[in-house]
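Here the structure is laid out as structure tokens; the discussion comes afterwards.
The values are calculated or read from the model by the stated rules, or taken from the named source; none is laboratory data. Predicted model, so just to flag it, every value in this text is computed and none were measured. As a convention, Cβ positions derive from the backbone with ideal geometry for all residues, glycine included, and neighbour counts pool all protein chains shown. These area figures cover heavy atoms from the full protein model, side chains too; ligands, DNA and RNA do not enter into them. Shrake-Rupley method; radii C 1.70, N 1.55, O 1.52, S 1.80 Å.
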Amino acid sequence: MATATKIEFVPSYVQDAWWTPDADVRGTDARDASTGEVLARVSVDGLDLAAVVEHGRTVGRSELGKLTIHERALKLRELAGYLNGRREELYAVSAQTGATKIDSMVDIDGGIGVLFTLSSKGRRELPNSNVIVEGPVEVLSKDGSFIGEHIHTPIPGVDVQINAFNFPVWGMLEKFAPAFIAGVPTIVKPATPSGYLAAATVRVMIECGILPPGSLQLISGSARKLVDQLDYRDMVSFTGSASTANLLRAHPNVAHGGVRLSAETDSLNAAILGPDAVRGTPEFDAFIKSVVTEMTVKAGQKCTAVRRAIVPEDLRADVIVAVGARLTERVVVGDPRTEGVTMGALASLEQLADVRAAVESMMAAGGELAWGTLDAPQVRHTQSPASVVEHGAFMSPVLLDWADSEAPAVHTLEAFGPVCGVLGFSTHDGGASEAVRLAALGAGSLVATVCTNDPDFARAVVMGIASHHGRVLVLNREDARSSTGHGSPVPHLVHGGPGRAGGGEELGGIRSVKHHMQRTAIQGSPNMLTAVTGVWHTGADRVMAGVPEFGGVEGAVHPFRKSLAELHIGDAFASGLRQVTLEDIAAFATSTGDTFYAHTDAAAAERNPFFPGIVAHGYLLVSWAAGLFVEPAPGPVLANYGLESLRFLTPVAAGDSIRVTLTAKQITPRTTDDYGEVCWDTVLHNQNGDVVATYDVLTLVEKENTLYK
Ligand code: NAP
């Protein structure tokens, strides 16, 4: 990217083209974190930000809207596969940010992992359409002709993603993936110090040609006026310091204009050690390992890093000795391109100065240096010694011992580097309430670890701190090896936290997709809600095959004979009645071994408040229902892969009869297969018309009737 004579601009990617400022624009330098070499410069001077936003809102929205949720999710999988093959070149760029190979893998592989996970969750858990129906239908009129429910549709604008410098790839992809699945165009604005790595990644993402026009734009440079272009249609997903988040909250377009803002900010995360976890226990070892990992991965520049090790007062000295010993044994500070280096540089000299200043303030407030130094550390490197030491942003890990665990500084100052404080709590009443009180002094955090093998302590602490945190890891000997660790948000679970942590919420599986959508209550008749959502609603029209007495019409074809090309939601089948005898119930009890008294012992069954006497097994009814609705000849229905939401509502006694009605409720063609899923609304009635059971039958059905034609 850089030459000895000419420092190039990191390009922006806007309106589906690469853009750089005029050569005479000065810009801001982006440097190699270890050597201080200027690699590139960034600027948005001359960039028409309004046009960028408008391009997303028009071209991006329209192109994304041409695809279904599954098609978009599938593109993410393709993209992840492509990025996987280009990782080595991104690692090389990542090393320039001060990242070791492991740091780079956390960032780059972690980001690709989010694409894979959300792609698969999107296709498994969401419909293959552009509207998500949420929650149960509410019946709002006595006759069922007026109902209501909630739907999610993509917000009408763009998602402006303003990211922190520490994870230029993961931080970008973990926001891009859910926005893309939701159908919302991304405008990503990486932080200046490491934006060149985000830009290199975007270049690969664009080169592969997988993304629709307008779905991803990149702004390289401090685009302070970007939020000026936004309105209530748009959202800002911000990650960075609390002070920048506060500036954004106060922006008129956010404060008064309805721009949605999600903020992920500072966090003074805690790791709490249980009183049971004394030296020599697996929990003590896991705790020490976790604290050291969190101090050193990414040189401690992780929003989730442990900043406060909250330990029983009488274990404080042991913890300090053990953390110090592990740091001594494991940490080699240096240029990450040098063999044997385990901790790289901070992102920039400015960042180094900030962290040192924060540590000095903490030391002035009572934190005692227990391990490490604020002097320039020993640095292993491949460059000339003078250049590296003078211009590299290197820092030793620093462990502070807090004799006064109430000191405000340890609960308020964030040193965004390899820094952790140890503070003790009294265990006179078991310790949980004291540990909870100290953790809560962080005023809202992203994550806490509770390290204990005592279930009572774990329960008391988790119940006490959960509402102050977005995520809590309970670490003990059983999960110490398999745990993904304190500092790693996973795409399946929520990342974010209340209060100081910003109050935002990211990831969390499909929740992250819905963050980019508007939830709307929709009310109307079953037919209208069926038309809007593509999901059949009870009370809507159907085309019923089967027994005329129960609604079957002449000429209607059994829906099991229809491929997806022929099947419509509302295609249904009504069976006739089948009577249940005492012998049937006894035979089912014998063959299944389910001789529960309600099916076998008349006297005992009669004493049961729910049953009139001996009743049929619920599973007998479900099995019989299958026999009543099935169309057995080979055809387009390939398999039954389960049922959902089964409820038994009215008991069936010997002498009663049952019948079943099956209605195609939702059809989800698989984008990559010759078949799709059909969800069948299933209702069992008795001879009086009472509802006996309700559930959804799930089947796989061919797209075209080919296999058994
Ligand atoms: P920062 O200074 O707040 O910058 C974050 C982003 O905001 C950068 O892209 C920056 O752009 C941009 N920005 C700064 N001022 C702005 C303004 N007035 N209007 C619009 N955008 C603005 O934070 P940082 O130094 O990059 O990151 C470190 C902080 O982030 C730490 O406090 C850390 O705890 C926090 N963090 C939190 C999380 C989380 O998930 N909660 C994750 C990572 C980091 P420029 O770089 O171009 O100025």
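State log₁₀ I(q)/I(0) for segment 222-299 at q = 0.15, 0.16, 0.21, 0.23 Å⁻¹ as given by the Debye formula over alpha-carbon point scatterers of equal weight, solvent excluded.
Computed log10 I(q)/I(0) values: -0.65, -0.68, -0.90, -1.02.
Under a 1.4 angstrom probe, counting protein chains only, how are Tyr708, Tyr196 ranked by accessible area, largest first? List each step's numbers first, then the result.
Numbers: Tyr708 125, Tyr196 5 Å².
Putting Tyr708, Tyr196 in descending order of accessible area: Tyr708, Tyr196.
What number, in percent, do you get for the relative contact order of segment 261-339 if the mean sequence gap of Cα pairs under 8 Å and at least 6 apart is divided by its residue count?
The normalised contact order for segment 261-339 reaches 38 percent.
Sequence-distant or interchain residues sharing an amide H contact under 5 Å with Gln518, placed H: which?
The answer is Thr153, Ile155.
Which order do peptides 471-477, 297-303 fall in by mean Cβ count within 10 Å, highest first?
The packing order, highest mean first, is 297-303, 471-477.
Starting at the first residue of segment 164-172, write each ³J(HN,Hα) from the Karplus equation 6.51 cos²θ - 1.76 cosθ + 1.60 with θ = phi - 60°, in whole Hz, x for Gly and Pro.
After applying 6.51 cos²θ - 1.76 cosθ + 1.60, I find 7, 7, 6, 10, x, 9, 4, x, 7 Hz.
Per the 1.4 Å probe, what fraction of the accessible area of segment 202-254, in percent, lies on carbon and sulfur atoms?
53
For segment 542-702, what is the charge dipole size about the Cα centre, in debye to the nearest 20, if Lys and Arg each add +1 at the Cβ and Asp and Glu each add -1 at the Cβ?
Using Cβ point charges on Lys, Arg, Asp and Glu, segment 542-702 gives about 160 debye.
Taking the Cβ-Cβ separation of Thr650 and Asn84 as r and a Förster radius of 35 Å, what is the calculated FRET efficiency to the nearest 0.05?
0.05
Between Asp584 and Asp696, what's the calculated FRET efficiency when r is the beta-carbon distance and R0 is 30 Å? Round to 0.05. Before the final figure, lay out each step's value.
On the way: r = 25 Å, r/R0 = 0.85.
The calculated FRET efficiency here is 0.75.
In Å and on Cα atoms, what radius of gyration and Dmax does the chain show?
Answer for the chain, Rg first and Dmax second: 30.4, 97 Å.
Could you order Lys175, Lys514 by accessible surface area, starting with the largest, using a probe radius of 1.4 Å?
Highest to lowest solvent-accessible surface, that is Lys514, Lys175.
Report the net charge of residues surrounding Glu566, where surrounding means a beta-carbon distance below 11 angstrom and charges are Lys +1, Arg +1, Asp -1, Glu -1.
Charge balance near Glu566 sits at 0.
Once neighbouring chains are kept in place and the probe is 1.4 Å, which whole percent of the accessible area of segment 269-501 is contributed by carbon and sulfur?
The nonpolar share, carbon plus sulfur, comes to 54 percent.
So, in nm, how far is label Leu707 from label Phe596 when the simple model puts each one 7 Å beyond its Cα toward the Cβ?
Output for this residue pair reads 3.4 nm.
Once the piece of chain linking Asp429 and Glu339 is laid out straight, how much longer is it, given 0.36 nm per residue of separation minus the C-alpha distance between them? Walk me through the numbers before you get to the answer.
Working: separation 90, 0.36 × 90 = 32.40 nm, distance 4.94 nm.
Computed gain between Asp429 and Glu339 is 27.5 nm.
If you fit an axis through the alpha-carbon atoms of helix 110-125 and take the longest principal axis of the Cα set of the chain, what angle between them do you get, 0 to 90°, nearest 10?
Computed tilt is about 10 degrees.
Highest mean first, how do 53-61, 342-350, 181-189 rank when packing is the count of other Cβ atoms within 10 Å averaged over residues?
181-189, 342-350, 53-61
Relative to the longest principal axis of the C-alpha atoms of the chain, give the angle of the C-alpha long axis of helix 349-364, reported between 0 and 90° and rounded to the nearest 10°.
Once rounded, the angle reads 90 degrees.
What FRET efficiency comes out for the pair Val25/Thr412, r = Cβ-Cβ distance, R0 = 60 Å, nearest 0.05?
Result of the calculation: an efficiency of 0.95.
Search the structure for amide H atoms under 5 Å from the amide H of Leu473, placed 1.01 Å from N in the peptide plane, and list their residues when 5 or more places away or on another chain.
Amide H neighbours of Leu473: Ala448, Thr449, Val450.
Would you mind telling me the share, in percent, of accessible area of segment 16-128 contributed by carbon and sulfur at probe 1.4 angstrom?
In segment 16-128, the share of accessible area belonging to carbon and sulfur is 50 percent.
Just from its helices, what would the mean residue ellipticity at 222 nm be for the chain, if runs of 4 or more DSSP H residues each count -39500 (n - 2.57) and the sum is divided by every residue, rounded to the nearest 500 deg cm²/dmol?
-9000 deg cm²/dmol
Provide the net charge surrounding Ile658, with neighbours chosen by a C-beta distance below 14 Å and charges set as Lys +1, Arg +1, Asp -1, Glu -1. Could you put the intermediate results ahead of the total?
Details: positive: Arg578, Arg659; negative: Asp584, Asp656, Asp690.
Combined, the nearby Lys, Arg, Asp and Glu give -1.
With a 10 Å radius around each residue's Cβ, average the other Cβ atoms per peptide and rank 569-576, 627-634, 693-700, highest first.
On the way: 569-576: 22.6, 627-634: 13.9, 693-700: 18.0.
Top to bottom by mean Cβ count within 10 Å: 569-576, 693-700, 627-634.
Taking amide H atoms as placed 1.01 Å from N in the peptide plane, list the residues 5 or more away in sequence, or in a different chain, whose amide H sits under 5 Å from that of Ala370.
Answer set, sorted by chain and number: Leu399, Leu400, Asp401.
Provide the gained length on full extension for the span Val553 to Val204, in nm with one decimal, where the gain is 0.36 nm per separating residue minus the Cα-Cα distance. All intermediate terms of the calculation are to be shown ahead of the outcome.
Details: separation 349, 0.36 × 349 = 125.64 nm, distance 5.75 nm.
Gain on extension, Val553 to Val204, equals 119.9 nm.
Can you give me the accessible area per residue for the chain, using a 1.4 Å probe, in Å²?
Using a 1.4 Å probe on heavy atoms only, each residue of the chain averages 41 Å².
Suppose each label sits 7 Å from its Cα in the direction of the beta carbon; what would the Arg561-Glu360 distance come out to in nanometres?
Placing both labels 7 Å along Cα→Cβ, they lie 8.6 nm apart.
Roughly how big is segment 269-501's charge dipole about its Cα centre, with Cβ charges of +1 (Lys, Arg) and -1 (Asp, Glu), in debye to the nearest 20?
640
Not counting ligands, DNA or RNA, and with a 1.4 Å probe, what is Val553's accessible surface area in Å² rounded to the nearest 10?
The accessible area comes out at roughly 80 Å².
What does the extension gain come out to for Tyr619 and Asn527, with contour length at 0.36 nm per residue minus their alpha carbon separation? Mind dumping the intermediate values first?
On the way: separation 92, 0.36 × 92 = 33.12 nm, distance 3.22 nm.
That works out to 29.9 nm of additional length.
Loop-only check: which GluC sites (Glu not before Pro) in segment 405-494 are DSSP coil with at most 12 other Cβ within 10 angstrom?
Glu406, Glu478
Could you give each residue of segment 657-671 its phi-based ³J(HN,Hα) in whole Hz, using Karplus coefficients 6.51, -1.76, 1.60 with θ = phi - 60°, and x for Gly or Pro?
10, 10, 9, 10, 10, 10, 10, 5, 9, 8, 10, 10, x, 7, 5
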